[in-house]
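Structure record follows, encoded as structure tokens.
The values are calculated or read from the model by the stated rules, or taken from the named source; none is laboratory data. A quick note: this is a predicted structure, and the numbers were derived from the prediction, not measured. So basically every Cβ, Gly included, is an ideal-geometry build from the backbone, and we count neighbours across all protein chains shown. Please note that ligands, DNA and RNA were not included when accessible areas were found on the heavy atoms of the full protein model with its side chains. Shrake-Rupley method; radii C 1.70, N 1.55, O 1.52, S 1.80 Å.
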Amino acid sequence: MKINTDLVKGKKYSSAVKPNTLKHSQEYRVLATLRYLYPSKFDTMITGEAPDFQDSASSTGIEVTAAVKEDDMKVSRAFSELNQGKPKDIEKRKNIIKSSGYFSVPLKDEKVAISTSGTADGEKRFFQESIRRKTKKIQQYRSNFKRMGLAILLPEIPTSYAENHLSEWITELLDESANLFDFVYVISHRFCLYYDTQAKITEKRSLTQDESLLLATIGRMTAEGELTMTDTEWQ
């Protein structure tokens, strides 16, 4: 991945991600992050349908989900619009975010991230529920893929407590169902956590603010057709 090309660094948006593009934008962001951090492991992984990512060479599939409450899509859109930097909209968007139990965290170049003001129990509940939703689909993929993984995108910045207990929360689900994914990636603005559910091995890699923002930009540009996976940025 070449994430700091002039094309990506110079990209500026004047509007928020459209609802019908948001899912694909998030998926491409996740794939870009995995390719960037683990180039040899994901260089042949491509996007698909059922599951979201597919690698026929290694017979590996990955489902992608975002760990958010179902009724918090308005927060996600307000967050996206807030990052467009429209002066007349800033306070309005911040109020939407705040009234839904979140607060904005300043990043570089007037960009922001969102974080929850809720409890650790709430973070745990929504995180585990995002896994349970996808677990129901595992068996339908097993006939085509030897290994099935899950990639979870955290649109908001997790609390320190949540960040330190993510692998523990995944482990707890092992006792609930035998139909668990072989591995799980958790991607946030500042890190990528890998958890092998069979060996119970955890690996964590850090992301800088610049890296996270550039990877998100590549994800959106690809979803909106400004980049393809054959372009330099994906190589």
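Counting Lys +1, Arg +1, Asp -1, Glu -1, what net charge surrounds L7 among other residues with beta carbon under 9 Å of its beta carbon? Within the 9 Å Cβ shell, the charges total -2. Accessible surface calculations at 1.4 Å, restricted to protein heavy atoms, place the range 152-211 at 44 Å² per residue.
Between amide H atoms placed 1.01 Å from N, distances below 5 Å from A151 occur with E63, V64, T65, Y185, all of them 5 or more places distant or on a separate chain. K11 exposes around 60 Å² of accessible area when a 1.4 Å probe is run over every protein chain in place.
Share of Cα-Cα pairs in the range 164-235 beyond 15 Å, in percent? More than 15 Å apart: 63 percent of the Cα pairs in the range 164-235. Within the shell defined by Cβ-Cβ distances under 11 Å, the residues around S25 carry a net charge of +2, with Lys and Arg each +1 and Asp and Glu each -1. When R132, R29 are compared by accessible area at a 1.4 angstrom probe, the order from most to least is R132, R29.
If R0 is 25 Å, what FRET efficiency do you get for Q209 and S40 from their C-beta distance, rounded to 0.05? Approximately 0.45, to the nearest 0.05. By a 1.4 Å probe calculation restricted to protein chains, L207 has an accessible surface near 10 Å², given to the nearest 10.
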